[in-house]
Amino acid sequence: MTDVITETMVRVTDVHKSYGRGAAAVHALRGVSFEVPRGELVALKGRSGSGKTTLLNIVGGLDAPDRGHVEIEGRDLAELGESGLLELRRDHIGFVFQSFGLIPILSAAENVGVPLRLRRADPREREERVELLLSLVGLADHAAQRPGELSGGQQQRVAIARALANRPALLIADEPTGQLDAETGHAVMELLRAVVRSEGVTALVATHDATLLDLADRVLELNDGEITEH
């Protein structure tokens, strides 16, 4: 896949998505359109069931819309094919979920290094990148600890570091503070803001957390499958 440099990182155009058929159909997305410029931190808010996760999955190439188009760095996801989507997700997008998704038997450093191992990165390069990222998220002293030995906030920091391992252009986070208390959630949100700046990442983050809404460059709201900007 050839790298394409554009000022627009994400372009979503008239995206529709429904589940079920007939009168029982649930219309998760109804003609959603928006753009995310390179380098912005955009918060996506909306009540539970408003379609936030559906939208993030479509933007991240994990699901396909019924109609409409999604472009990442100028690439139309519908034209990439399965191998192209796999490469896009591996090399260009980092994912952070509220469930952390860490591998219990691996240390923090090993968890962060998993994406680099999948790419067969040079061991020295991998070790240096892991060390840098753990330092970036404030966990340099916890590299050898396993997830069960870390707090929820620390586990989410490891998950963020892992999402950044392959230097993604786009970071997608779905309720990253959903399992954290308010104080820890605030710290994680500030960290997300910091890594967007330090790593040059564009971020699209679904959240109920008012802290991130204040930290975001822009706020998009999903309501009944339609989007408005605040």
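Just checking: which of the strands (runs of 3 or more DSSP E) contained wholly in region 128-230 hold 3 or more residues that are open to solvent by less than 50 Å² (accessible area, probe 1.4 Å) and farther than 20 Å from R117 by Cα?
Values: elements: 170-174, 202-206, 218-223, 226-229.
Fully inside region 128-230 and qualifying: 170-174, 202-206, 218-223.
Go through region 59-89 and report how many residues are closer than 15 Å to A173 by Cα and surrounded by fewer than 20 Cβ atoms within 10 Å (Cβ to Cβ).
Of the residues in region 59-89, the ones closer than 15 Å to A173 by Cα are 59-62, 89.
Okay, now just the ones that are also surrounded by fewer than 20 Cβ atoms within 10 Å (Cβ to Cβ), so 62, 89.
Total meeting the criteria: 2.
Among the numbered conditions (1) under 30 Å from V12 (Cβ atoms); (2) more than 17 Å from the chain's Cα centre (by Cα), tell me where E125 comes up short.
Only one criterion in (1) under 30 Å from V12 (Cβ atoms); (2) more than 17 Å from the chain's Cα centre (by Cα) is unmet by E125, namely (1).
Can you pull out every residue in region 63-102 that is of a type in the set (A, V, I, L, M) and within 18 Å of the chain's Cα centre (by Cα)? Walk me through it before giving the result.
First, pick out the residues of region 63-102 that are of a type in the set (A, V, I, L, M): 64, 70, 72, 77-78, 80, 85-86, 88, 93, 96, 102.
Matches in region 63-102: A64, V70, I72, L77, L85, L86, L88, I93, V96, L102.
Go through (1) in contact (Cβ under 8 Å) with a residue 40 or more places away in the chain; (2) out of contact with any strand residue (DSSP E or B) (no Cβ under 7 Å at 6 or more places or on another chain); (3) open to solvent by 30 Å² or more (accessible area, probe 1.4 Å); (4) in a helix (DSSP H, G or I) for R117 and report which single condition fails.
(1)
Only one residue in H69, H27 is at pLDDT below 90, of a type outside the set (G, A, S) and part of a strand (DSSP E or B). Which one? Reasoning before the result, please.
On the way: H69 fails: at pLDDT below 90.
Result: H27 is the single residue among H69, H27 that is at pLDDT below 90, of a type outside the set (G, A, S) and part of a strand (DSSP E or B).
The values are calculated or read from the model by the stated rules, or taken from the named source; none is laboratory data. These numbers were taken from a predicted model, which means no experiment stands behind them. Glycine gets a Cβ as well: all are built from the backbone with ideal geometry, and neighbour counts include every protein chain shown. Just the protein is used for accessible areas: all its heavy atoms, side chains included, with ligands, DNA and RNA removed. Shrake-Rupley method; radii C 1.70, N 1.55, O 1.52, S 1.80 Å.
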